[in-house]
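Rule-based calculations on the coordinates, nothing more; no lab input. The structure displayed is predicted, hence computed values, not measured ones. Virtual Cβ from ideal backbone geometry, glycine too; neighbours counted across all protein chains shown.
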Amino acid sequence: MRFQCWCLTDKGLKRSGNQDSFLIDERIGIFVVADGVGGHMGGEVASALAVETVREVLGHPKALQFSPREVLMQAYQEASHRIFDRAAQESKLNGMGTTMVMGYLRDSRLYIANVGDSRCYLYRKPYVWQLTEDHSLINEQIRLGFLTEEKAKATIGKNVITRSVGFERDVYPDIIEREVSPGDIFLMCSDGLTGMITDQEMCQIFNDNSADKTTPVFIQQALAHGGDDNVTVLVLNFSET
Ligand code: CA
């Protein structure tokens, strides 16, 4: 099976910098989106450190001696340690952290790991499914039944995340495993996309465009709806040949 991948990021219309980072390494088979949190340069530093660490850990020759789950756990732990320790050394970086969602392709299976509220979706014509679960205050309240999704949209503080890489020294990602089939399209994004467009709009964009054309359309839609936040969109398409 063959895959192709595209990614675009944009700082949006309201933020002065871009704290999102992404990484595609086709040789190792990793596809990563991270959304940094923290004042000054903290967010940028945290998300950049996270994606660099993932490349180092998963790209290490010994990585293949471990199961995909084990090596993903190691990558998240190592990233969290580095961010936490760096923040402890530099007072202006105190409290920084990052979300991180990623796909790791090994033996025709995609292992999807997640911490925070960046997301991974699967599009199989004509539907999309959200594969990851947000680690956010709002999602925890929805799951506990305190809030409906409709009410959640109007709630203040909806982007408070309850699990992040580097805010505490240890972190444990959710990991899901999927066999991939030709025609599957995976989308990974920061909340600058999902805060601006609905799942229905996302699905419509996939229905109306070939995979290679979708990333600029997603960015344009996020900006057209206000561009409140940095937005990063990564699209990974599997095909027969
Ligand atoms: Ca964000």
(request) May I ask you to work out the translational diffusion coefficient for the stretch 52-153 at 4 °C, viscosity 1.567 mPa s, via Stokes-Einstein with Rh from the Kirkwood sum over Cα pairs, reported in whole µm²/s? (result) 81 µm²/s
(request) Report the paramagnetic label zone for H40: residues of the stretch 89-123 whose backbone N is under 17 Å from a point 7 Å from Cα along the Cα-to-Cβ axis. (result) 89-98
(request) Tell me the label-point distance for the pair H225, K151, using the 7 Å Cα-to-Cβ offset, in nm and rounded to one decimal. (result) 2.2 nm
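So for each of 113-119, 193-199, 1-7 I average, over its residues, the number of other beta carbons within 10 Å; can you give me the resulting order with the highest mean first?
On the way: 113-119: 26.3, 193-199: 18.1, 1-7: 14.9.
So the peptides 113-119, 193-199, 1-7, ranked by packing, come out 113-119, 193-199, 1-7.
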(request) Hydropathy first: keep DSSP H helices in the chain averaging at least -1.0 on Kyte-Doolittle, then drop any whose Cα extent along the axis falls short of 27 Å, and list what survives. (result) 68-89
(request) Rank S21, S67, S136 by mean-square fluctuation in a GNM of the chain with C-alpha springs under 10 angstrom and give only the top-ranked residue. (result) S67
(message) If each residue of separation counts as 0.36 nm, what is the full-extension length gain between R2 and F66 once their alpha-carbon separation is subtracted?
(response) 20.6 nm
(message) With a cap of 14 neighbouring Cβ atoms within 10 Å, and only residues DSSP puts in a loop, list the chymotrypsin sites (Phe, Trp or Tyr not before Pro) found in the stretch 146-241.
(response) F146
(message) How big is the stretch 106-241 along each principal axis, measuring the range of its Cα positions in Å and listing the largest first?
(response) 45, 36, 27
(request) Report the net charge of residues surrounding N237, where surrounding means a beta-carbon distance below 13 angstrom and charges are Lys +1, Arg +1, Asp -1, Glu -1. (result) 0
(message) At 10 °C and a viscosity of 1.306 mPa s, what translational diffusion coefficient does Stokes-Einstein give for the stretch 1-80, taking Rh as the Kirkwood radius over Cα pairs? Give it in µm²/s as a whole number.
(response) 115 µm²/s
(request) Set the Förster distance to 35 Å, then compute FRET efficiency between E56 and T241 from the Cβ-Cβ distance, nearest 0.05. (result) 0.60
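If Lys and Arg each add +1 and Asp and Glu each add -1, what is the summed charge of the other residues whose beta carbon sits under 12 Å from the beta carbon of R15?
Working: positive: K11, K14; negative: D10, D20, D35, E44, D228, D229.
Charge balance near R15 sits at -4.
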(request) Using only Cα atoms, figure out Rg for the chain and give it as a multiple of 2.2 N^0.38 Å. (result) 0.96
(request) Please build a GNM for the chain, connecting alpha carbons under 10 Å apart, and tell me which residue among G17, G36, G145 fluctuates the most. (result) G145
(message) Of the candidates R27, R124, R82, which one comes out as most mobile in a Gaussian network treatment of the chain with C-alpha springs shorter than 10 Å?
(response) R27
(request) Using DSSP to define loop residues, name the GluC sites (Glu not before Pro) in the stretch 82-170 whose beta-carbon has at most 15 other beta-carbon atoms within 10 Å. (result) E90, E133
